[in-house]
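Quick notes on the structure that follows.
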Amino acid sequence: RYIPRAPIVVMGLPRTGTTFLHRLLALDPDNRCPETHELLDPLSKRPLAKRVKYWDSKLNLMKRLVPHLEQIHDLGAREAEECLLAVSVDVPLLP
């Protein structure tokens, strides 16, 4: 069972290692980071497996359209993701 604690906030300029630090912190089982599918679809009523499959298919499409993207930023529905993605859902990135 997850018991919330005070949040750890990672802030920094682009390309300074914040994503690396965020994902490193996410490896600790005592920390809880939002996953990509949670940030892209926070109010989904779909079962988890269907939601993950849906978002993985959309992210795979992005990888095919922009092949070098994953060299910059790992993509996956179950990846720990930075909360910046949560504020970007107002601007549709994916169909």
Pop out the carbon and sulfur fraction of the accessible area of the range 1-91 as a percent, whole number, probe 1.4 Å.
62 percent
Rg and Dmax of the chain, using alpha carbons, in Å: what are they?
13.9, 40
Give a residue-ordered list of calculated ³J(HN,Hα) values for the range 30-46 (Karplus: 6.51 cos²θ - 1.76 cosθ + 1.60, θ = phi - 60°; whole Hz; x for Gly, Pro).
7, 9, 10, 10, x, 8, 3, 4, 5, 7, 7, 9, x, 10, 4, 9, 5
Accessible area per residue, Å², the chain with all protein chains present, probe 1.4 Å:
77 Å²
Placing +1 at every Lys and Arg Cβ and -1 at every Asp and Glu Cβ, with all other atoms neutral, what dipole size does the chain have around its Cα centre, in debye to the nearest 20?
360 debye
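The values are calculated or read from the model by the stated rules, or taken from the named source; none is laboratory data. For clarity, every value in this text was computed on a predicted model and none was experimentally measured. Positions of Cβ are generated from backbone atoms using ideal geometry, with glycine treated the same way; all protein chains shown enter the neighbour counts. These area figures cover heavy atoms from the full protein model, side chains too; ligands, DNA and RNA do not enter into them. Shrake-Rupley method; radii C 1.70, N 1.55, O 1.52, S 1.80 Å.
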